[in-house]
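Have a look at the structure below, then the notes.
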Amino acid sequence: MIEATHRKTIVVVSGGTSCEREISLQSGAAVARALRHRGHLVSEVDPETTPFDSLRWSDIRLAFLALHGAGGEDGGPQAFLESRGIPYTGSGPRESQLAFSKTATKQVLVQAGIPTPPWQVIAHTQSTHSLHDLAGRLGYPLMVKPDQQGSSLGVSLVTSPESLISACELAFSLGPVALLEQAILGDEWTVGLLDDRPLPPIRIAGFGQVFDFHAKYHSEEIRYLFDSDPGGMSDRVSGVARAACLAVGTRGVARVDLMVDCFGRPFVLEINTIPGFTDHSLVPKAAAHAGLSFDALCQWCVDAALGHFEQRRAA
């Protein structure tokens, strides 16, 4: 328990209106429980029912952002909180907006010399002929992904031209811009980071061809493996993940998803600035493997957010 004189109200923000609303509510509920266990005064806010501008921010010490997807990871809440001078967890507005766009992230990664699969940007206004032409330049198999979605929503593996258009239509149902990405066939890894410190990497197995929304949240076959091989692949993916976050400028907790091909080369797929935060999500799993309990992880987020706020104010 912390001293009563230091207890300040923390608002845990979750829910919202994105396709990831239900996962976000689960994250928010888990975070709120953990912070209460640590002795904090906590209130829970869902922006779908309680708009930000209706809150009395003068009574709030910090906002713990557990909003996944659009309206959470895209920089909007972060910009609002900065305008009110309220500390908040996670990355800043610009960095959040950048990481939320897969194509913008890739452009930064390429400039920084960090490997990411080759891609082509596509728009819902493009003709069928144009889509087939771009896909042919990349070659099959390829991935079709919405530019701005999380939890692998709208993602398809396309192995031949016959299934390309239906995959594009699925991606466009979640946004007007998508990308065709050269498929990297190999092992999927994920690395959580606390600021620039990587947590133990997780290799994901048992999901078939695509680690999609169903596999992430409903499959009982998925296995999350911690491969302890100092100097080997774990260190390699950790180094690439850290470099990716430094290039984008994330802070607080972030998670980098990667593929490792048959030659042992890691490729960054995307960066999540507000990853899942239930007690069975990937970053908490990695933190637990490193000896950091879920409650302690949530406390770290609070402490880091307050520290970053003080640094910005002093700058």
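The table that follows gives values for the structure above.
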item: Subset of region 152-189 (residues that are closer than 26 Å to Ile204 by Cα, within 21 Å of the chain's Cα centre (by Cα) and β-branched (Val, Ile, Thr)); result: Val155, Ile184
item: Residues of region 12-42 satisfying the condition of being touching a strand residue (DSSP E or B) at 6+ places or on another chain (Cβ under 6 Å) and under 19 Å from Asp279 (Cα atoms); result: Val12, Val13, Gly28, Val31, Ala32, Leu35, Arg36, His40, Val42
item: Filter result for Asp147 (at pLDDT 95 or above and closer than 19 Å to Ile271 by Cα); result: no
item: Selection count where residues are at pLDDT 90 or above and part of a loop (DSSP other than H, G, I, E, B), scope region 179-211; result: 7
item: Criterion violated by Arg33 - all others in (1) over 26 Å from Ser293 (Cα atoms); (2) free of Cβ contacts under 8 Å to residues at least 12 places away in the same chain satisfied; result: (1)
item: Qualifying positions in region 1-26 - assigned to a helix (DSSP H, G or I), at pLDDT below 90 and not aliphatic (A, V, I, L, M); result: Thr5, His6
item: Some residue of region 277-297 being touching a His at 6+ places or on another chain (Cβ under 8 Å), modelled with pLDDT of 95 or more and surrounded by fewer than 21 Cβ atoms within 10 Å (Cβ to Cβ); result: yes
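Residues checked against (1) in the same structural domain as Pro146 (by TED's automatic domain parsing); (2) buried (at least 19 other Cβ atoms within 10 Å of the Cβ); (3) assigned to a helix (DSSP H, G or I):
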{"site": "Ala30", "(1), (2), (3)": "no, yes, yes"}
{"site": "Ala34", "(1), (2), (3)": "no, yes, yes"}
{"site": "Glu44", "(1), (2), (3)": "no, no, no"}
{"site": "Asp53", "(1), (2), (3)": "no, no, yes"}
{"site": "His68", "(1), (2), (3)": "no, yes, no"}
{"site": "Pro77", "(1), (2), (3)": "no, yes, yes"}
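The values are calculated or read from the model by the stated rules, or taken from the named source; none is laboratory data. Everything numeric here is computed off the predicted structure, so don't read it as measured data. Don't worry about glycine lacking a Cβ; one is built from the backbone with ideal geometry, like all the others, and counts go over all protein chains shown.
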